[in-house]
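No lab work stands behind these numbers, since they all come straight from the coordinates. Nothing here was measured: the structure is a model prediction, and the numbers come from that model. Note that we place each Cβ from the backbone using ideal geometry, even for glycine, and neighbour counts take in every protein chain shown.
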Number of protein chains: 2
Amino acid sequence: MFTDEYFMKMALREAESAFEKDEVPIGCVVVSNDRVIARSHNLTETLNDVTAHAEMQAITSAANFLGGKYLVNCTLYVTLEPCVMCSGALSWAQISKVVIGARDEQRGFINKNLSLHPKTEIVTGIMENECSSIVKEFFKSKR
Amino acid sequence: MFTDEYFMKMALREAESAFEKDEVPIGCVVVSNDRVIARSHNLTETLNDVTAHAEMQAITSAANFLGGKYLVNCTLYVTLEPCVMCSGALSWAQISKVVIGARDEQRGFINKNLSLHPKTEIVTGIMENECSSIVKEFFKSKR
């Protein structure tokens, strides 16, 4: 039951919430022991804050929940590959696993030759089409 | 009067505030038209939050002050070279200028071959010794 698809669907629901607010539709959840301990979506426009990416909010929120700043035994499910800023934050958090929906060849951290913490396992391509489609649809609606 | 040293001294005072709180002593200020519009220091331990670097707080705070998320005509003075996370945030913010005290060869963005926004001017080495000494002193006290 608690598959990567299961939690990525929750992240995608967060992305849909962002879309409804006219935010770039990216969402994520943080899971610890099969329990969602943080969920968030991009809020850069609403908050007028470039740092309000889904992942940044989720890291802060999950650390609050855990009462410690390191996200050990935690998995982040995110619909789009994290950017440089968010990859840096995930490295500092020493998160155990990051599961990525769609790749972001241009803005994502992978093509910048950045790595996360040595402990962090990275999985890509979970519900890739759905995660990618919602972003494409958003930018098409903006043209 | 409003030299780079003048504002870096203010950033250094922020770093000293961090030191007094047993935080890694890094501080910064954001200046717009010779006026300080944000000041902050590292609070990762106090807030239990890896994202609470001085620069991240200053970006959010300056954007709040300006009422817009882009830090145009703004200069960030920071005592230590920004990390990957903070360099990513500064890129998104399209800040005009970043003035760095001491380099951080290991954790800083420059040696990771990352660049800031094409519009952003970067200056290094302002009060380098003072900015570097306070960090060294902090870690010496920890041993």
Next item on the list: Tell me the strands (runs of 3 or more DSSP E) entirely within segment B:39-125 that contain at least 2 residues that are surrounded by 16 or more Cβ atoms within 10 Å (Cβ to Cβ) and in contact with a helix residue (DSSP H, G or I) (Cβ under 8 Å, 6 or more places away or on another chain).
Entry: B:74-80, B:97-102
Check: When segment B:64-86 is examined, which residues are found to be facing chain A (nearest Cβ under 7 Å) and in contact with a Leu (Cβ under 7 Å, 6 or more places away or on another chain)?
Finding: B:Val84
Notebook entry, point to check: If you go through segment B:126-142 one residue at a time, do you hit one that is at positive phi and in contact (Cβ under 8 Å) with a residue 40 or more places away in the chain?
Noted result: yes
Margin query: Pairs needed: first member in segment B:65-77, without any contact (Cβ under 8 Å) to a residue 12 or more places away in the chain; second member anywhere, surrounded by 18 or more Cβ atoms within 10 Å (Cβ to Cβ) and of a type in the set (Phe, Trp, Tyr); C-beta distance under 8 Å; at least 6 residues apart or different chains.
Written below: none
Note to self: With touching a Cys at 6+ places or on another chain (Cβ under 8 Å), small (Gly, Ala, Ser) and more than 21 Å from A:Met56 (Cα to Cα) as the only criterion, which of B:Gly88, B:Gly101, B:Gly125 stands out?
What the structure shows: B:Gly101
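Let's see how each residue does on (1) within 27 Å of A:Ser91 (Cα to Cα); (2) of a type in the set (A, V, I, L, M, F, W, C):
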| site | (1), (2) |
| --- | --- |
| B:Asp22 | yes, no |
| B:Cys28 | yes, yes |
| B:Val31 | no, yes |
| B:Ile37 | no, yes |
| B:Val72 | no, yes |
| B:Cys86 | yes, yes |
Check: If you go through segment A:48-70 one residue at a time, how many are more than 26 Å from A:Glu105 (Cα to Cα) and of a type in the set (A, V, I, L, M, F, W, C)?
Finding: 4
Checklist line | Count - residues of segment B:13-37 that are touching a Phe, Trp or Tyr at 6+ places or on another chain (Cβ under 9 Å), over 25 Å from A:Lys69 (Cα atoms) and surrounded by fewer than 24 Cβ atoms within 10 Å (Cβ to Cβ) | finding: 4
